Each structure stands twice: as structure tokens, then as C-alpha cells.
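**Student:** I'd like to ask you about the structure that follows.
The values are calculated or read from the model by the stated rules, or taken from the named source; none is laboratory data. Note that the coordinates shown come from a computational prediction; the quantities given were computed from them, not determined experimentally. Cβ placement follows ideal geometry from the backbone for every residue including glycine, while neighbour counts extend to all protein chains displayed. When the accessible area is computed, the model is the full protein with side chains, heavy atoms only, and any ligands, DNA or RNA have been set aside. Shrake-Rupley method; radii C 1.70, N 1.55, O 1.52, S 1.80 Å.
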Amino acid sequence: MQIFCSTEFSKAVKNLTKSKYSNTYGTLKKEISDFFKQHDTFEKVFNKSYMLRENQSVRINKIRLDNPCQNSGGSGGYRLITLCDKRTSNVALLYVYPKTGAHGMNDTSTDFLIKIAKRYAEDKNANKLTEYTP
């Protein structure tokens, strides 16, 4: 399994890990890394998630991650939006956001999912995806 980062994901991580947010979102990178250390195969990632959209070979999932800085567990922690491609067994990190706080989002609309999926396709076609290593 290879894991790739879209530019939207990278921007979100960069924004949330600014030093002024360290007390609120300081563990984001660690939580993502820990998730992929525990879920080290495509099947584990694919099956761990809440499915948002799916066609025959591609599934967009939402994964809950804890945020120990806010003592809220998975329900109030981060949401990691991934694209899992069964044909290649690759995972793309599309976006990440906190459920609560200043940057929180309650839910992802269909329009939002379409937007980040299109940006991922643009990144892929322009060879702008970067490989993620936990």
C-alpha cells in the first residue's frame, strides 16, 4: 500500500499545525501517523472507515482520529477523508479537519466531497501528489 497526499490535505495539515494552534491541534501529525502504523495494510484502512461515496473501484472514506489535546476521543477529534483505490491498493489523503473548534466542520457536504475529489484528480494528473510515510 502506498499513501499519497493531495495538495488540499497538505494545506489543511499546514494550517492546523501552525504554532498558534499547538494547544488545540498539536498532535494531528502524530494521530495520522499512529493510525497508519496500526492500519498498515490497504484492507485495514479500507475496512476501518465510514464510507461516504463508492463506485466499483474507488471509495471515499471518513476516518475518525482522536485529538488528545481536546480530551474528546474520536467523536470530537479529527476527520481524515481518504480515497481508497481497489485497483492499485493505494490510499490518497484528501483532507483533514477537526470536528470541533475554530476550524471545525460538522459534516462534509456532497459539494465539498466533489470539490476535494476533483482537486485530487487534478493533482494526480499534474503529478503533484506527494507520498506520505508514517
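**Student:** Taking only Cα atoms, what is the 0 to 90° angle, nearest 10, from helix 28-38's long axis to the longest principal axis of the chain?
**Tutor:** For helix 28-38, the angle is close to 50 degrees.
**Student:** Now for a different question. Multiply the residue gap between residue 131 and residue 112 by 0.36 nm, knock off their C-alpha separation, and tell me the result in nm, one decimal place.
**Tutor:** Numbers: separation 19, 0.36 × 19 = 6.84 nm, distance 2.33 nm.
Contour length minus the Cα-Cα distance gives 4.5 nm.
**Student:** Also: With angles folded into 0 to 90 degrees, how steeply does helix 7-16 sit against the dominant principal axis of the chain? Use alpha carbons for both and round to 10.
**Tutor:** The answer is roughly 10 degrees.
**Student:** Compute the helix-to-body angle for 110-125: its Cα long axis versus the longest principal axis of the chain, expressed 0 to 90° and rounded to tens.
**Tutor:** 60 degrees
**Student:** Pop the C-beta distance of residue 57 and residue 30 into the FRET formula with R0 = 35 Å and round what comes out to the nearest 0.05.
**Tutor:** Details: r = 32 Å, r/R0 = 0.90.
Step by step, r from the Cβ atoms, then E = 0.65.
**Student:** Mind checking the per residue accessible area of the chain for me, 1.4 Å probe, whole number of Å²? All intermediate terms of the calculation are to be shown ahead of the outcome.
**Tutor:** Numbers: 7370 Å² over 134 residues.
It amounts to 55 Å² per residue over the chain.
**Student:** Here's something else I'd like to know. How much of the accessible area of the chain, probe 1.4 Å, is carbon plus sulfur, in whole percent?
**Tutor:** Numbers: 3350 of 7370 Å².
Heavy-atom surface of the chain belonging to carbon and sulfur, 1.4 Å probe: 46 percent.
**Student:** Now, a different point. Return the calculated 222 nm mean residue ellipticity for the chain, to the nearest 500 deg cm²/dmol, obtained by summing -39500 (n - 2.57) across DSSP H runs with n ≥ 4 and dividing by the residue count. Present the calculation step by step, with values, prior to reporting the outcome.
**Tutor:** Details: 5 runs with 48 residues, N = 134.
Roughly -10500 deg cm²/dmol at 222 nm, from the helical runs in the chain.
**Student:** Hey, if you put +1 on the Cβ of every Lys and Arg and -1 on every Asp and Glu Cβ in the chain, which of 52, 109, 132 ends up farthest toward the positive end of that dipole?
**Tutor:** 109
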